[in-house]
Amino acid sequence: MSEKTLQELRDENALLKRQLDTCVRFMRREVEESVHKISKRKVTQMTETGRDDFLRENQEAIMLKRIHDYFGDILLLNAPKETIEYLVSSEISFYNISKNPSLDGFSVIGSYHKILDVWVEQMIINQFRKFAQKKWATVLRVNDPMEKALHSVVTKKFIFSLGRLYGLLKMIRNNEKLYDFGQTFHDYLDKYPDIRNILLSDRFFLLFERIIESDVFGGKRHQGSISLSDTKKTRTWVTGDFTDKNWLLYQVLESQAILY
């Protein structure tokens, strides 16, 4: 390789590094602004004691550091903006619930649900929808709940619920019979092995299964019966308490970095 070519590569790497540094600075500022904006709004909903404790303990700065230290620059940079906002909101709500155990955990669980909904739509379903339409898989031929759900996802741009996603992945893992839309989803995963390997891996699926079967995203959420114990368990399963990177949300953001 000539000296000229080496220098061109050095210049290109230097440019890419400057661009990455710029993006990282922008992302950090966005996270800081999100933490401040959301904490300002959420703190007003706390009791006077909770609000005083939140400010005295400098929880805003603590949460900012916790989120950044756990996920790092690259994962946060690739994450949809909504992810950071909902994550900050969930942490402030969790702090408030920890101070007031009688409160329902809906606000924490709801934020996790929204984070995962955004991930499913942007990283899985949006591309699947295009794949199905290209394959002309748009006609509903079977009176089956999963087929009806997938038909609405493809033709009407409906959201594919977390429960439906879990059910479909379980069917694929168990080699159960699939109808037209289900088979099209199976074919889609075969074409995009990065997505397939994430969704069907034991590391992701078994944890996803545990969360779905706990019913915190289903009946408990809709009935307003999410206890502090339920909230703590779900926070561990989703965030790993911001210490263990084998749990769900880290896997989700890690997959986005890989797929990008």
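Among the residues of segment 202-217, those identified as surrounded by fewer than 16 Cβ atoms within 10 Å (Cβ to Cβ), under 17 Å from the mean Cα position of the chain (by Cα) and not basic (Lys, Arg) are Leu206, Glu209. The criterion of being of a type in the set (A, V, I, L, M, F, W, C), modelled with pLDDT under 95 and under 30 Å from Gln133 (Cα atoms) does not hold for Ile212. Restricting Glu91, Glu60, Glu32, Glu85 to those that are in a helix (DSSP H, G or I) and exposed (fewer than 15 other Cβ atoms within 10 Å of the Cβ) reduces the list to Glu32.
Among the residues of segment 188-208, is there at least one that is of a type outside the set (Ser, Thr, Tyr), touching a helix residue (DSSP H, G or I) at 6+ places or on another chain (Cβ under 8 Å) and within 21 Å of Ser107 (Cα to Cα)? Looking for residues that are of a type outside the set (Ser, Thr, Tyr), touching a helix residue (DSSP H, G or I) at 6+ places or on another chain (Cβ under 8 Å) and within 21 Å of Ser107 (Cα to Cα), one finds at least one in segment 188-208, hence yes.
Yes/no per residue for (1) more than 25 Å from Pro80 (Cβ to Cβ); (2) of a type in the set (Val, Ile, Thr); (3) free of Cβ contacts under 8 Å to residues at least 40 places away in the same chain:
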{"position": "Asp194", "(1), (2), (3)": "no, no, no"}
{"position": "Asp202", "(1), (2), (3)": "yes, no, yes"}
{"position": "Gly224", "(1), (2), (3)": "yes, no, no"}
{"position": "Val238", "(1), (2), (3)": "no, yes, no"}
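Total residues in segment 98-123 satisfying the condition of being among the β-branched types (Val, Ile, Thr), farther than 17 Å from Gly50 by Cβ and either touching a residue at least 40 places away in the same chain (Cβ under 8 Å) or in contact with a Cys (Cβ under 9 Å, 6 or more places away or on another chain) (or both): the figure is 3. Here segment 218-232 is the region considered, the condition is being surrounded by fewer than 18 Cβ atoms within 10 Å (Cβ to Cβ) and over 21 Å from Leu165 (Cβ atoms), and the residue that is modelled with the lowest pLDDT is Gly224.
The values are calculated or read from the model by the stated rules, or taken from the named source; none is laboratory data. Nothing here was measured: the structure is a model prediction, and the numbers come from that model. Here Cβ is always computed from backbone atoms with ideal geometry, including for glycine, and neighbour counts include all displayed protein chains.
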